[in-house]
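Comments concern the structure below.
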Amino acid sequence: MNGSKKEMHLSTKVIHAGNSIDPLGALATPIYQTSTFVFSSVDQGASRFAGEEAGYIYSRLGNPTIDVLEQKVATLEKAEAGLAFASGMAAVSAVILGLVKTGDHILCSKGLYGCTYGFFNWLKERFGVNFSFCEMTDEKTVMQALQDKTKVIYIETPINPTMELVDLAMIAKIAKQAGIKTIVDNTFMSPYLQRPLEWGCDIVIHSATKYIGGHGDVVAGLAVGSKELIDEIRLTTQKDIGGILAPLAAYLLIRGIKTLSVRMERHCENAQKVAEFLESHPKIAAVYYPGLASYSQNPLAKRQMDGFGGMISFCLKGGFEAGIRMMNHVTLCKRAVSLGDVESLIQHPASMTHAVIPREKRIQMGISDGLIRLSVGLEDVGDIIEDLEHALLYV
Ligand SMILES: *Cc1c(COP(=O)(O)O)cnc(C)c1O
């Protein structure tokens, strides 16, 4: 990228990493909106298919705009290679299908994103790939949860929506000893705040729909890891199942990533202030945010995260009805699922995302009736707090 040997800082890399120099000198990455690529001769086509000559063939197999995105994210996550997908779930499913077969077992952190849980259930019912949950609080508990057929440990940290953390270094060490792979869904943190490969994990997955895109206008997914692992997924479950990203979406993500560092810093700063406000409010029973001094895993948060993120969960004393009333009285915060956008987004799992789950089971999962999840946006923090304070008057 430049002549100096010193590694550049992440806030420089988000802007410059992966950008190839366009032959015509365009500063922004051109959108190669093409399905296919023309060969100059039969020989050239043959050598590209044989892998003897580098070059493009067909956009499901590779595209220059997508290459820039993949390289950029791989650099940020300190990975050898990256792979872009049509959605976060396309990334989760392609990575898992690339690593397991019938009879294998996946050991999961206590909570999972709803559709990941749905996919694992479907795999179990249709293809006999088993999975189980584990608290992952200490080494012994994790070792005991491993089975002979465990091929993969699959983690989210922080866990949605309780914001509990899993010690990445501890899990990676156990997995290495057992000769199995660790996969981390890093969506809640973004590579700016947490890089699981640095702790020894093998593959990182993102719903790029969230912080990486950052503007609520793209659905996309990413996976990064060693060249060997990523190439295998690229040439099997991505190529043949086909959940590839469109070049225009890749362009929007490249553009979004350029402001990742400034956005994440502001998300963290705003969330810290909002969490402190919520914690002091008499109508709130508990606030779950890793940056609070009252948060039990604060030392682990400080060790493996470079900031505490923009996601907060809190529990209203008034339960389900209070949740509905609070939701109906916010005006600046938008009632919507998803997260990581410039707009603050608020949702009430008991009446929205988790409404179909029987109450008892939902509460077991840590989702109480009055739990609210807030993705703190980039608005002025005084305005966000005022909106929440106003809505809380009706609770
Ligand atoms: C949104 C999300 C996903 C799924 O991503 P899509 O882009 O919606 O397919 C996976 N994991 C986490 C933690 C998410 O928040």
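Structure summary
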{"read-out": "Test: residue in the range 304-311 that is assigned to a strand (DSSP E or B), surrounded by fewer than 21 Cβ atoms within 10 Å (Cβ to Cβ) and more than 16 Å from the ligand (Cβ to nearest atom)", "value": "no"}
{"read-out": "When residues of the range 172-222 are limited to those that are among the acidic types (Asp, Glu) and either assigned by TED's automatic domain parsing to the domain that holds Phe308 or closer than 18 Å to Val95 by Cβ (or both), the one nearest to the chain's Cα centre (by Cα)", "value": "Asp185"}
{"read-out": "Test for Thr162: is it hydroxyl-bearing (Ser, Thr, Tyr), part of a loop (DSSP other than H, G, I, E, B), touching a strand residue (DSSP E or B) at 6+ places or on another chain (Cβ under 9 Å) and touching a residue at least 24 places away in the same chain (Cβ under 8 Å)", "value": "yes"}
{"read-out": "Flag if Leu112 is open to solvent by less than 70 Å² (accessible area, probe 1.4 Å) and under 30 Å from Gly307 (Cα atoms)", "value": "yes"}
{"read-out": "Which numbered condition Ile233 misses (of (1) more than 16 Å from the ligand (Cβ to nearest atom); (2) at pLDDT below 95; (3) among the aliphatic types (A, V, I, L, M))", "value": "(2)"}
{"read-out": "Yes/no for Leu193 being over 15 Å from Gly82 (Cα atoms), in contact with an Asp or Glu (Cβ under 6 Å, 6 or more places away or on another chain), open to solvent by less than 10 Å² (accessible area, probe 1.4 Å) and within 16 Å of the ligand (Cβ to nearest atom)", "value": "yes"}
{"read-out": "Out of Asp202, Asp217, sole residue that is more than 10 Å from the ligand (Cβ to nearest atom) and out of contact with any strand residue (DSSP E or B) (no Cβ under 7 Å at 6 or more places or on another chain)", "value": "Asp217"}
{"read-out": "Residues satisfying the stated conditions in the range 136-156, i.e. touching a helix residue (DSSP H, G or I) at 6+ places or on another chain (Cβ under 7 Å) and not in a strand (DSSP E or B)", "value": "Met136, Glu139, Val142, Met143, Leu146"}
{"read-out": "Residue in the range 5-26 that is at positive phi and open to solvent by 40 Å² or more (accessible area, probe 1.4 Å) present", "value": "yes"}
{"read-out": "Residue pairs meeting the criteria (Cβ under 8 Å; at least 6 apart or on separate chains; first of a type in the set (Ser, Thr, Tyr), in the range 73-88; second within 16 Å of the ligand (Cβ to nearest atom))", "value": "Ser87/Ser207; Ser87/Thr209; Ser87/Val219; Ser87/Ala220; Ser87/Gly221; Ser87/Gly243"}
{"read-out": "Some residue of the range 175-183 being open to solvent by less than 10 Å² (accessible area, probe 1.4 Å), among the hydrophobic types (A, V, I, L, M, F, W, C), out of contact with any strand residue (DSSP E or B) (no Cβ under 9 Å at 6 or more places or on another chain) and within 16 Å of the ligand (Cβ to nearest atom)", "value": "no"}
{"read-out": "Close pairs from the range 111-123: first at pLDDT 90 or above, partner surrounded by 15 or more Cβ atoms within 10 Å (Cβ to Cβ) and not in a helix (DSSP H, G or I), Cβ under 6 Å, at least 6 apart", "value": "Phe120/Phe131; Leu123/Val129"}
{"read-out": "Unique match (being within 16 Å of the ligand (Cβ to nearest atom) and surrounded by 16 or more Cβ atoms within 10 Å (Cβ to Cβ)) among Gly62, Gly82", "value": "Gly82"}
{"read-out": "The range 188-221, residues that are touching a helix residue (DSSP H, G or I) at 6+ places or on another chain (Cβ under 7 Å) and part of a helix (DSSP H, G or I)", "value": "Ser190, Pro191, Tyr192, Leu193, Pro196, Trp199"}
{"read-out": "Tally, over the range 94-135, of residues that are outside any helix (DSSP H, G or I) and within 16 Å of the ligand (Cβ to nearest atom)", "value": "9"}
{"read-out": "Candidate set from the range 346-375 (those that are charged (D, E, K, R) and modelled with pLDDT of 90 or more); member that is surrounded by the fewest Cβ atoms within 10 Å (Cβ to Cβ)", "value": "Glu360"}
{"read-out": "Residues (on the phi > 0 side of the Ramachandran plot and either in contact with a His (Cβ under 8 Å, 6 or more places away or on another chain) or buried (at least 16 other Cβ atoms within 10 Å of the Cβ) (or both)) located in the range 320-345", "value": "Gly340"}
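The values are calculated or read from the model by the stated rules, or taken from the named source; none is laboratory data. Predicted model only: the values in this text are computed from it and were never measured. Backbone-built Cβ (ideal geometry, glycine too); neighbour counts: all protein chains shown. Surface accessibility is based on the protein's heavy atoms, side chains included, excluding ligands, DNA and RNA. Shrake-Rupley method; radii C 1.70, N 1.55, O 1.52, S 1.80 Å.
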